[in-house]
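Just below is one structure, and these are the notes that go with it.
The values are calculated or read from the model by the stated rules, or taken from the named source; none is laboratory data. Note that the structure is a prediction, hence the values are computed from the model and not measured. Counting neighbours? That spans all protein chains shown, and the Cβs are built from the backbone with ideal geometry, glycine included. Each accessible area value is taken on the protein alone, full model and side chains, heavy atoms only, with ligands, DNA and RNA left out. Shrake-Rupley method; radii C 1.70, N 1.55, O 1.52, S 1.80 Å.
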Amino acid sequence: GQQVMQIPQYQHVQEGEDFTTYCNSSTTLSNIQWYKQRPGGHPVFLIQLVKSGEVKKQKRLTFQFGEAKKNSSLHITATQTTDVGTYFCAGPGSGYSTLTFGKGTMLLVSP
Amino acid sequence: NAGVTQTPKFQVLKTGQSMTLQCAQDMNHEYMSWYRQDPGMGLRLIHYSVGAGITDQGEVPNGYNVSRSTTEDFPLRLLSAAPSQTSVYFCASSLQQGPFTEAFFGQGTRLTVV
């Protein structure tokens, strides 16, 4: 099945700094989803990108899908302590019947 | 709507014991799946079901069984627990099969095998 690779694995920022996590695939993706998991919690859906070059915004979060549909990014502007958690990207799995998750980027924000 | 409900939240098993992790959803979703989450490994798919009576294996199915007798329920059975199965288990459901549909996750079951 397809795999999505996420970098970095971990990032520690000061509150107010920006943060970006990247998701890469060796093959073209039909779509990409992003999830957030708070410490001790469960993954929660954030957004889905489908079109080449698509950019979507949710307040301080900006999501991009690459032109070749092989990569995606999540950028957080001026992080807050409420942004702490692990961010996962997810793409099509084997036979396009499942979701395959990246290993996630853990974000820690210090006040 | 309760969404996706998993029980128990925590469980400690001895090596060799068997148990069933329960998962129920009240959203009338056709697609349900089980993932395990280990540090640094992300979410790995164990088994999934595209509807009542239909199940299939995911990436890491060994040591686990599933069945889907109703649309609502998708239990995960550990046949003979091993320390390598210590993990956090998440059940998820989606309206449809495939990668385009939002997945709704349960609260998780934290399992320790000693």
Expected output for region B:15-41 (first residue under 28 Å from residue B:100 (Cβ atoms) and free of Cβ contacts under 8 Å to residues at least 60 places away in the same chain, partner charged (D, E, K, R) and surrounded by fewer than 21 Cβ atoms within 10 Å (Cβ to Cβ), Cβ below 6 Å, 6+ apart or cross-chain) is B:24/B:72; B:24/B:73; B:36/B:44
By residue number, the members of region A:102-111 that are open to solvent by 40 Å² or more (accessible area, probe 1.4 Å) and of a type in the set (A, V, I, L, M) are A:106, A:108
Could you figure out which of (1) at pLDDT 95 or above; (2) in contact with a Pro (Cβ under 7 Å, 6 or more places away or on another chain); (3) on the phi > 0 side of the Ramachandran plot isn't true of residue A:78? (2)
Considering region A:47-101 alone, what residues qualify as being open to solvent by 40 Å² or more (accessible area, probe 1.4 Å), touching a residue at least 60 places away in the same chain (Cβ under 8 Å) and not small (Gly, Ala, Ser)? A:80, A:81, A:96
Residue, nearest to the other protein chains (Cβ to nearest Cβ), within region A:72-111, restricted to residues that are in contact with a helix residue (DSSP H, G or I) (Cβ under 7 Å, 6 or more places away or on another chain) and of a type in the set (A, V, I, L, M, F, W, C): A:107
Does region A:2-33 hold any residues that are within 11 Å of chain B (Cβ to nearest Cβ) and in contact with a Leu (Cβ under 8 Å, 6 or more places away or on another chain), and which are they? A:2, A:4, A:10, A:31, A:32, A:33
Test for residue A:57: is it away from chain B (no Cβ under 11 Å) and of a type in the set (D, E, K, R): yes
